[in-house]
Amino acid sequence: MQQQSLSIAPIKVQEIDSISMGILPNGETFLSLQGLAKFCGVAPSAIIQLAQDWEKGEAQNRNRGQKLESLIKEWTESDSAPDSLYVQINSNNSISGVIHAVPEAIVMAITDYYAHFALITKPEAISNYRKAAKYGLRKYIYERLSYTEKDVLTKSWELFQERILNNESPRGYFTMFDEATTIIASLIRNSIAVDDSIMPDGSLGIHWAKHWKNINLATKHSERIKIKHNFPESYRQMDPEINAYPNSALSDFRTWFEDVYLPQKYPEYIKTKARNGKISIESISILLTAVLPPSIEDKKLN
């Protein structure tokens, strides 16, 4: 199998109950191919063969592959499924020097399949799916590896600070990252690991850009401009070009943010992350209320 290798070294890799799992520097967790097989209650050869057939494009033509493709799109929030079910990570923790790491969202999609849609559902998959859905897969693996939330949150604050220090809006303009800092800080304060898979400024940017275009706010405030946004080195994404908006639009933005985004769009974003195992179900209500602005009665001085 031809597969791209990543030079990222996991910060922790361990086998727990014969399930090989690990954590990457950005906080994301993974299972090995064989660990995923154990997690789902199937033979390692079944998962390895599935991965091989997937890369060849053969698995997607069968009933199982078609259902898996649908589940993967749902769990990864993408219009297409990846060409591979895993990435190769160079690691001294493996005899071969390489770990075949299955990312969180794909782990959940495949476990979902064996728990609910396979011809013969697997009790191991059902049990592990329930545990991961209840706690969030990431939190579940952290717990199994004795990786404390303090470690996770310290790294999240460091990544957040790095983004702030490396990105300054040009004079006269603001960006969605500027305006999303309260949301990001709220997530971390509420014990949510924020990395390259949880970036609410991306969600905020998509919805505000649509609103900007739909009501033609450029005629009122002048055109937005494109600038480069710098991600931390551990992020897998390329540094993107983002929109910067004239400061004159701040009042319109904040009204829309409080009246539309927070009550309508942000809850969907949080619920999607919960479905993907990034956020525990128990955290949803806390996260939704944590970002709401306080009432004027609570802040107004007599």
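The values are calculated or read from the model by the stated rules, or taken from the named source; none is laboratory data. Remember, it's a predicted structure, so these values are computed and weren't measured experimentally. Positions of Cβ are generated from backbone atoms using ideal geometry, with glycine treated the same way; all protein chains shown enter the neighbour counts. Side chains are part of the model used for accessible areas, which takes the heavy atoms of the whole protein and leaves out ligands, DNA and RNA. Shrake-Rupley method; radii C 1.70, N 1.55, O 1.52, S 1.80 Å.
Note on region 161-241: along the principal axes its Cα atoms extend 41, 23, 21 Å, ordered by decreasing extent. Taking packing as the residue-averaged number of other Cβ atoms within 10 angstrom, the listed peptides 161-167, 191-197, 66-72 run from highest to lowest as 191-197, 66-72, 161-167. When each of the peptides 100-107, 239-246 is scored by how many other beta carbons lie within 10 Å of its residues on average, the order from highest to lowest is 100-107, 239-246.
A Förster distance of 45 Å, applied to the separation of the beta-carbon atoms of R144 and E297, puts the FRET efficiency at 0.50. Charge dipole of the chain (Cα centre as origin; +1 on each Lys and Arg Cβ, -1 on each Asp and Glu Cβ, all else neutral): 440 debye, rounded to the nearest 20.
Note on region 206-274 and region 149-203: Cα centroid distance 14 Å, given to the nearest whole angstrom.
In percent, rounded to a whole number, the relative contact order of region 152-302 is 26, using alpha-carbon pairs under 8 Å and six or more apart.
Which angle from 0 to 90°, rounded to the nearest 10, does the C-alpha axis of helix 63-76 make with the longest principal axis of the chain? Computed tilt is about 30 degrees.
Looking at the chain, the accessible area is 52 square angstrom per residue; that uses a 1.4 Å probe and ignores ligands, DNA and RNA. Normalised by 2.2 N^0.38 Å, where N is the number of residues, the alpha-carbon radius of gyration of region 97-199 equals 1.41.
Relative to the longest principal axis of the chain, what angle (0 to 90°, nearest 10) does the C-alpha long axis of helix 104-116 take? It works out to around 60 degrees.
Nearest 500 deg cm²/dmol is fine: what mean residue ellipticity at 222 nm does the chain get from its DSSP H runs of n ≥ 4 alone, each adding -39,500 (n - 2.57), divided by its residue count? Helix contribution divided over all residues of the chain: -14500 deg cm²/dmol. Could you point to the residue in Q60, L217, I284 farthest towards the positive end of the chain's charge dipole, with +1 and -1 charges on the Cβ of Lys/Arg and Asp/Glu respectively? Value computed over the given set: I284. In this rough spin-label picture, where each label sits 7 Å from Cα along the Cβ direction, the S45-Q60 distance is 2.7 nm. Entry note, the chain: relative contact order of 17 percent, from Cα contacts under 8 Å with a spacing of 6+ residues.
If R0 is taken as 35 Å, the Cβ-Cβ distance between T121 and V260 corresponds to a FRET efficiency of 0.25.
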